[in-house]
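Note sheet for the following structure.
The values are calculated or read from the model by the stated rules, or taken from the named source; none is laboratory data. Quantities reported herein were computed from a predicted structural model and do not represent experimental measurements. Reconstructed Cβ throughout: ideal geometry from the backbone, glycine too, with neighbour counts over all protein chains shown. Ligands, DNA and RNA are stripped out before the accessible areas are found, and what is left, the full protein with its side chains, is counted by its heavy atoms. Shrake-Rupley method; radii C 1.70, N 1.55, O 1.52, S 1.80 Å.
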Amino acid sequence: VQLQASGGGLVQAGGSLRLSCAASGRTFSRYAMGWFRQAPGKERVFVAAINWSGVSTYYADSVKSRFTISRDNAKNTVYLQMNSLKPEDTAVYYCAVREGMGIVTVNNAYPYWGQGTQVTVSS
């Protein structure tokens, strides 16, 4: 499975960005997807996840009500709409996919990862 993340960039605090992650290669009949982020010198942490159908989502407390995860299964693509961005959202954002229907928030449950896209929020 190959994951290609895009959409990162430099934005001022309060601004918005939309990340995309397109999956190709092996096709799972059911798979959940997630977004994680890693700030300089810190561990990679969970941001948001979505189940295979898109009906269920889950967010880290730090991004709840500001970020929205969604997916288009016809395009094998997951999105992360990020609004009201803060300097502390600055990080490399990674998408990940796992076979299975449910939402999982731990890094090691995801065997497939994208290359990451840099998000920088200036104050």
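Quick notes on this structure:
- So LYS64, is it more than 15 Å from ALA91 (Cβ to Cβ), modelled with pLDDT of 95 or more and assigned to a loop (DSSP other than H, G, I, E, B): yes
- Any hit, segment 69-80, residues being small (Gly, Ala, Ser) and in contact (Cβ under 8 Å) with a residue 40 or more places away in the chain: no
Here's the yes/no breakdown for (1) charged (D, E, K, R); (2) open to solvent by 60 Å² or more (accessible area, probe 1.4 Å); (3) closer than 19 Å to SER123 by Cβ:
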| residue | (1), (2), (3) |
| --- | --- |
| GLN4 | no, yes, no |
| GLY8 | no, no, yes |
| LEU19 | no, no, no |
| TRP52 | no, yes, no |
| LYS64 | yes, yes, no |
| ASP72 | yes, no, no |
| PRO87 | no, no, yes |
| ALA91 | no, no, yes |
| THR105 | no, no, no |
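- Selected residue (criterion: farthest from the chain's Cα centre (by Cα)) from residues of segment 21-50 that are open to solvent by 60 Å² or more (accessible area, probe 1.4 Å) and of a type in the set (D, E, K, R): ARG26
- Within segment 84-123, the residues that satisfy the criterion of being in contact with a Phe, Trp or Tyr (Cβ under 6 Å, 6 or more places away or on another chain) and over 17 Å from GLY8 (Cα atoms) are VAL97, ARG98, GLU99, MET101, ILE103, THR105.
- For segment 111-119, the criterion of being modelled with pLDDT of 95 or more, open to solvent by 60 Å² or more (accessible area, probe 1.4 Å) and either in contact with a helix residue (DSSP H, G or I) (Cβ under 7 Å, 6 or more places away or on another chain) or not aliphatic (A, V, I, L, M) (or both) is met by at least one residue.
- Criterion applied to SER84, SER24, SER62, SER16 was being of a type in the set (S, T, N, Q) and on the phi > 0 side of the Ramachandran plot, and the one residue passing it is SER84.
- Of all residues in segment 3-48, those satisfying the criterion of being part of a loop (DSSP other than H, G, I, E, B) and hydroxyl-bearing (Ser, Thr, Tyr) are SER16, THR27, SER29.
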